[in-house]
Every structure is written in structure tokens, then in C-alpha cells.
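The next block holds one structure in the form of C-alpha cells; read it before the comments.
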């Protein structure tokens, strides 16, 4: 025992080896070159770092395409020249131009629900597809009218199926249901009653019914509106000149213009409707009808002496507003409406007038 302890204490190298920890032995790869595995590992690491540095120097950030409202072209978002708001506005102009077409399409602008319009940009064709709901005035069914507009200038490319193109290209536009705004026409100046006037040919289909509509609307709205009546001789009257003569054909317009200046105008229209057949009525019959309706004879005679001048003025007024189809209403001197949608147009104009007044 004592011998073992002595032997242990007399070997210091063995004691140092036990205390120094693990020993790494690096062997050379080859006796010829003197390169060991540790140096090879370090060289490879350096090469990897160099390759990484070169890769980072040539790196270009990738374009990340997010959700594109108008589609993607060549990896980037397509940006049309105009917005959907512009496209819908252009469609409203197209709709307004249908008002002068001599067919049922003339009703389209007044039954369009422009506030519910939608527009979609077609990237492949560079066109705008605009869809406008409208109410079929005969069935009350809600349908859609669609049209394609060129993306470059928003002009009409194609109307919806089997619909003819508008004959004119005006600056008017459908501003609200039942209401066409006339571009370049200023609103009337008034304090209490907003001016509304009916323009019609006495022989136009629905002329007398539209007069009755105007009278009833005036009574309903009271002091909010000031209704007046303008009578013109358009194609409907001209078509009767050859058979009945110019003077006798125009007698009806003369009496209507003068009767509209008196409070018994409603009674005159009611009695006239009972005998009117669509053809001219003799001067004698019209006079008897006027007196029988309670019109003041003196006022009537005075008016009839100068009625041609008044009718000339009314014809120029219709020309100023580019009226080609009657009966038509002009609301607040800048909006067009038909008898069936007159209440909507008046409501819109009154609200618009209030908004303008409150903003001042």
C-alpha cells in the first residue's frame, strides 16, 4: 500500500495529464503537402463566405404584387387612364342622349337607377363595362342596361344587346332617377317658389294628360313650385297643317296658352279633354268651351290678340333647351323630366337647391 502511494507521488507527468482535459489530435491529410483536415475545413468555410458575398452583391429585390383592383399586366398592377367614377359618369351622359330618340328608348334615362351603377375595367380589351339598373316602366321589373366604353376616352363602344346607339352626343347626363341634368344651363333665381314649366305640342300624345299632371302637381306642392305652361308647334302640329290648315291647327295652342294664364285653367282642360279627339278644334268651339269653363272673356280676348308673340317666345325657349320631344318638363331651369317621373325630379331639385343654399 505504502509502495503504491510512493509510486504515484513520484510521477508528476502522469498527474498533469489527468488535470489538463481532452486532447485533440490533428492528423495531416498527406505527408507530402502538410495540410491537415482542420485547414481544409477553414478553407471551405472561406469559400462558402465568398460565394455568399457574391450572391448578395448581385441580389435584386423581387417585386411583390399585391391584390390589384384592375388586374395584372406583365407582373404589375394595371392602372387604367380613368377611374370607375369617371366611367359611370360617362355612362350617364350616354343614357341622357337616349332621351331624344323617337322610340320607347327615350324613357330609359328617366327610369335608370344611376345611383346603383357599377363599373368594371376589362384589362384584356382595355374597356370599361358599366351596368346600370333601370325600371321597366311597363312591367315595373328591375332590369340592367350595360355598355362598353373605350378606356382611352370613355366614348361608347357598344351599347347593350339590340339597343341602337343614341343619335346625338350631348353633354347632358342622368343625375338621379327621373332627372336629366342639362350641362351649361344655370339654375333659376328665385326666393320662394322654384320654377317648373311644361313644354308640349298641343297634339303630342299625352299632351293634355301632362297638363293635368302639372296642374295637380302644382296644387300638391303649393308654394314650393311655380308651374307654367309653354306650347309649341312641332312635327305633331305640322303633320296636320295640310289637312286642317295652319291657323285652325294652331288655334288649340292659342287657347291653351291664354287659358293657362287664368285660375280656371283646370276646368278648361277638364272640359277640353272630354271633346278632344286628337284633331284640331274650330275657333268657335274653343271659344265657347273657354267661356263655359269660367274663363274671363275680357282677359281671354286681350291675350288672344298678342298670343302669337307669346308663342314665338315659347318656341325660342324650347329651342334654347334643345327640346325635340314633348311633353317634357324643365325643373329649376336645368333639369329635364317626363310626366311620369316629375315628382322625383322636383324632389331632387328641391334637395339640391337646399344643399347649395346651406353651403353658402
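The values are calculated or read from the model by the stated rules, or taken from the named source; none is laboratory data. None of these values were measured; they are calculated from a predicted model. When we count neighbours, we look across all protein chains shown, and the Cβ atoms used for this are built from the backbone with ideal geometry, even at glycine.
Given the criterion surrounded by 13 or more Cβ atoms within 10 Å (Cβ to Cβ), assigned to a loop (DSSP other than H, G, I, E, B) and either at pLDDT below 95 or not assigned by TED's automatic domain parsing to the domain that holds residue 280 (or both), identify the matching residue among 154, 167.
Numbers: 167 fails: surrounded by 13 or more Cβ atoms within 10 Å (Cβ to Cβ).
Step by step, each of 154, 167 is checked, and only 154 is surrounded by 13 or more Cβ atoms within 10 Å (Cβ to Cβ), assigned to a loop (DSSP other than H, G, I, E, B) and either at pLDDT below 95 or not assigned by TED's automatic domain parsing to the domain that holds residue 280 (or both).
Among 353, 358, which is the only one that is part of a helix (DSSP H, G or I), modelled with pLDDT under 95 and over 25 Å from residue 216 (Cα atoms)? Spell out the reasoning first.
Values: 353 fails: over 25 Å from residue 216 (Cα atoms).
Going through 353, 358 in turn, just one is part of a helix (DSSP H, G or I), modelled with pLDDT under 95 and over 25 Å from residue 216 (Cα atoms): 358.
For (1) within 25 Å of residue 345 (Cβ to Cβ); (2) touching a strand residue (DSSP E or B) at 6+ places or on another chain (Cβ under 7 Å), each residue gets a yes or a no:
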{"residue": "87", "(1), (2)": "yes, yes"}
{"residue": "113", "(1), (2)": "yes, yes"}
{"residue": "121", "(1), (2)": "no, yes"}
{"residue": "126", "(1), (2)": "no, no"}
{"residue": "130", "(1), (2)": "yes, yes"}
{"residue": "138", "(1), (2)": "yes, no"}
{"residue": "141", "(1), (2)": "yes, no"}
{"residue": "145", "(1), (2)": "yes, yes"}
{"residue": "151", "(1), (2)": "no, yes"}
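Among the residues of region 296-307, which ones are part of a helix (DSSP H, G or I) and touching a residue at least 12 places away in the same chain (Cβ under 8 Å)? Show your work before the answer.
First pass over region 296-307, keeping only residues part of a helix (DSSP H, G or I): 297-305, 307.
299, 300, 303, 304, 307 - these are the residues of region 296-307 that are part of a helix (DSSP H, G or I) and touching a residue at least 12 places away in the same chain (Cβ under 8 Å).
Quick one: residue 262 ticks every box in (1) surrounded by fewer than 20 Cβ atoms within 10 Å (Cβ to Cβ); (2) in contact with a strand residue (DSSP E or B) (Cβ under 7 Å, 6 or more places away or on another chain); (3) under 22 Å from residue 285 (Cβ atoms) bar one, so which box is it?
Checking residue 262 against (1) surrounded by fewer than 20 Cβ atoms within 10 Å (Cβ to Cβ); (2) in contact with a strand residue (DSSP E or B) (Cβ under 7 Å, 6 or more places away or on another chain); (3) under 22 Å from residue 285 (Cβ atoms), the one that fails is (2).
Determine if region 112-121 includes at least one residue that is touching a residue at least 60 places away in the same chain (Cβ under 8 Å), within 13 Å of the chain's Cα centre (by Cα), surrounded by 15 or more Cβ atoms within 10 Å (Cβ to Cβ) and farther than 20 Å from residue 334 by Cβ. Walk me through how you get there before you give the answer.
The first filter runs over region 112-121 and keeps only residues touching a residue at least 60 places away in the same chain (Cβ under 8 Å), leaving 112-115.
From what is left, the residues that are within 13 Å of the chain's Cα centre (by Cα) are 112-115.
Subset that is surrounded by 15 or more Cβ atoms within 10 Å (Cβ to Cβ): 112-114.
The next check asks that each one be farther than 20 Å from residue 334 by Cβ; those that pass are 113.
Among the residues of region 112-121, at least one is touching a residue at least 60 places away in the same chain (Cβ under 8 Å), within 13 Å of the chain's Cα centre (by Cα), surrounded by 15 or more Cβ atoms within 10 Å (Cβ to Cβ) and farther than 20 Å from residue 334 by Cβ, which makes the answer yes.
Would you confirm, using the coordinates I've provided, whether residue 119 is at pLDDT below 90 and touching a helix residue (DSSP H, G or I) at 6+ places or on another chain (Cβ under 8 Å)? Quick ask: steps written out before the conclusion?
Details: at pLDDT below 90: no; touching a helix residue (DSSP H, G or I) at 6+ places or on another chain (Cβ under 8 Å): yes.
Judged against the criteria, residue 119 is not a match.
Residues 241, 236: which one is in the same structural domain as residue 332 (by TED's automatic domain parsing), assigned to a helix (DSSP H, G or I), surrounded by 13 or more Cβ atoms within 10 Å (Cβ to Cβ) and without any contact (Cβ under 8 Å) to a residue 12 or more places away in the chain?
Details: 236 fails: without any contact (Cβ under 8 Å) to a residue 12 or more places away in the chain.
Testing whether each residue is in the same structural domain as residue 332 (by TED's automatic domain parsing), assigned to a helix (DSSP H, G or I), surrounded by 13 or more Cβ atoms within 10 Å (Cβ to Cβ) and without any contact (Cβ under 8 Å) to a residue 12 or more places away in the chain leaves just 241.
Identify the single condition in (1) more than 31 Å from the chain's Cα centre (by Cα); (2) closer than 18 Å to residue 304 by Cβ; (3) crowded, with 21+ Cβ neighbours inside 10 Å that residue 230 does not satisfy, given that it satisfies every other one.
(1)
Using the structure shown, decide if residue 336 is in contact (Cβ under 8 Å) with a residue 40 or more places away in the chain and either farther than 25 Å from residue 99 by Cβ or under 44 Å from the mean Cα position of the chain (by Cα) (or both). So that I can check it myself, show each step before the final result.
Working: in contact (Cβ under 8 Å) with a residue 40 or more places away in the chain: yes; either farther than 25 Å from residue 99 by Cβ or under 44 Å from the mean Cα position of the chain (by Cα) (or both): yes.
In short, yes.
Whether any residue in region 281-295 is more than 16 Å from residue 253 (Cα to Cα), over 46 Å from the mean Cα position of the chain (by Cα) and not in a loop (DSSP other than H, G, I, E, B) is what I want to check.
Yes; the residues of region 281-295 include at least one that is more than 16 Å from residue 253 (Cα to Cα), over 46 Å from the mean Cα position of the chain (by Cα) and not in a loop (DSSP other than H, G, I, E, B).
Residue check: is residue 324 more than 16 Å from residue 256 (Cβ to Cβ) and either modelled with pLDDT under 95 or part of a helix (DSSP H, G or I) (or both)?
On the way: more than 16 Å from residue 256 (Cβ to Cβ): yes; either modelled with pLDDT under 95 or part of a helix (DSSP H, G or I) (or both): yes.
So residue 324 fits the description; yes.
Of the conditions (1) under 19 Å from residue 325 (Cα atoms); (2) out of contact with any helix residue (DSSP H, G or I) (no Cβ under 8 Å at 6 or more places or on another chain); (3) in a helix (DSSP H, G or I), residue 99 satisfies every one except a single condition; which number is it?
So the condition that residue 99 fails would be (2).
What number goes with the only condition from (1) touching a residue at least 60 places away in the same chain (Cβ under 8 Å); (2) part of a helix (DSSP H, G or I); (3) surrounded by 14 or more Cβ atoms within 10 Å (Cβ to Cβ) that residue 267 does not pass?
Here residue 267 meets the rest and fails (1).
Somewhere in region 180-201, is a residue under 30 Å from residue 132 (Cβ atoms), in a helix (DSSP H, G or I) and in contact (Cβ under 8 Å) with a residue 24 or more places away in the chain?
Looking through region 180-201, none of the residues is under 30 Å from residue 132 (Cβ atoms), in a helix (DSSP H, G or I) and in contact (Cβ under 8 Å) with a residue 24 or more places away in the chain.
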